[in-house]
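Asks: My structure is below; once you've seen it, I'll send some questions.
The values are calculated or read from the model by the stated rules, or taken from the named source; none is laboratory data. In this text, all values refer to a predicted model and were calculated from it rather than measured experimentally. Neighbour counts run over all protein chains shown; Cβ positions are idealised from the backbone, glycine included.
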Ligand code: WQD
């Protein structure tokens, strides 16, 4: 089996991707410093997959530590999730984001180069498109960022584009995620933010479980179907499968720069998500219309034809499935994974 290092593999998308890699016949090796995830995720992944999963408690900013992983394992590829990702925090602490996200990426590429490991998937984000002039968003749309978190994503994309030009044997795939939500059907892993959630879905599930009193809907005066923000919500299991499909593609072709949107191609408003969750929980969800959140855009959803045609990426879950699995995870983990 080919070894695949998954940095940030104990995190939300990383942990679900670990399970998908196993399904596709790869051997995932987790690298995580648990700064934004629980070590308990590892034992839960082993329970779900019924097999041991090698894990290194390492910060990717520590190059020597990271190099040890590649000296002890023959690494076919790397999926790099590790990084800070809170937009609001990045505005307050830009240097923390530039230092951590850029140094960790530079270390990953250098260590891969020094150990002849030549397949890298980078966890990018729809945030690199900024406020698109139109929707759906295609991969060749202009790139524009409005916050330090998004700028680290865009800078890393540019660094990797330069690197593959100078190193034709090195392959990179940039996967631009839209809005991942949902959880593994077991309810053992899922989106488990520290403190008050920034993102919509964990906030809603914490209202449903009674940890938070109500949802603040950030604006209902956008030019959208019902005035609330529209996003492309994609089940994290679909997103995880997209990574395995990308690795398979990288094994088949010689192109050394692949770029894909991973979403559903469909937009849903905040209130549409709320109403779908109400069908799941069987009661109304208390929400209040609040002011717009600084930096939010009205509408963002993907065109995913390229991933469908080139990877065979087709989402299997609908919004109800996403809501139901998120709620199942929240019910089983009222205080998160502790
Ligand atoms: C979705 C919609 C909000 C919370 C962010 C990052 C992006 C990626 C995904 C990391 C918007 C509304 C939200 C709430 C609300 N993260 N909302 N009340 O902002 O689309 O994307 O998370 O990679 O890079 O930018 O996701 O879930 O925060 O917001 O009304 O309490 O829900 O206004 O319309 P977003 P989100």
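Asks: Can residue 273 be described as outside any helix (DSSP H, G or I) and farther than 21 Å from residue 149 by Cβ?
Replies: So residue 273 fails the test.
Asks: Can you go through 265, 295 and tell me which one is touching a helix residue (DSSP H, G or I) at 6+ places or on another chain (Cβ under 7 Å), outside any helix (DSSP H, G or I) and farther than 19 Å from residue 18 by Cα?
Replies: Of 265, 295, the one residue that is touching a helix residue (DSSP H, G or I) at 6+ places or on another chain (Cβ under 7 Å), outside any helix (DSSP H, G or I) and farther than 19 Å from residue 18 by Cα is 295.
Asks: Oh, and also: Looking only at residues that are closer than 18 Å to residue 16 by Cβ and within 9 Å of the ligand (Cβ to nearest atom) in segment 198-208, which one is surrounded by the most Cβ atoms within 10 Å (Cβ to Cβ)?
Replies: For segment 198-208, the residue satisfying everything is 201.
Asks: So which residues in segment 130-175 are buried (at least 21 other Cβ atoms within 10 Å of the Cβ), away from the ligand (no atom under 13 Å from the Cβ) and in a helix (DSSP H, G or I), if there are any at all?
Replies: 160, the sole residue that qualifies.
Asks: Out of (1) assigned to a loop (DSSP other than H, G, I, E, B); (2) loosely packed, with under 14 Cβ neighbours inside 10 Å, what's the single condition that is false for residue 88?
Replies: (1)
Asks: So, one more: Among the residues of segment 243-253, is any at negative phi, modelled with pLDDT under 95 and more than 16 Å from the ligand (Cβ to nearest atom)?
Replies: yes
Asks: Within segment 259-278, is even one residue in contact (Cβ under 8 Å) with a residue 12 or more places away in the chain, loosely packed, with under 15 Cβ neighbours inside 10 Å and more than 10 Å from the ligand (Cβ to nearest atom)?
Replies: No, that holds for no residue.
Asks: Okay, moving on. Take residue 67 and decide whether it is touching a residue at least 40 places away in the same chain (Cβ under 8 Å), out of contact with any strand residue (DSSP E or B) (no Cβ under 7 Å at 6 or more places or on another chain) and either within 15 Å of the ligand (Cβ to nearest atom) or under 30 Å from residue 146 (Cβ atoms) (or both).
Replies: Spelling it out, it is not the case that residue 67 is touching a residue at least 40 places away in the same chain (Cβ under 8 Å), out of contact with any strand residue (DSSP E or B) (no Cβ under 7 Å at 6 or more places or on another chain) and either within 15 Å of the ligand (Cβ to nearest atom) or under 30 Å from residue 146 (Cβ atoms) (or both).
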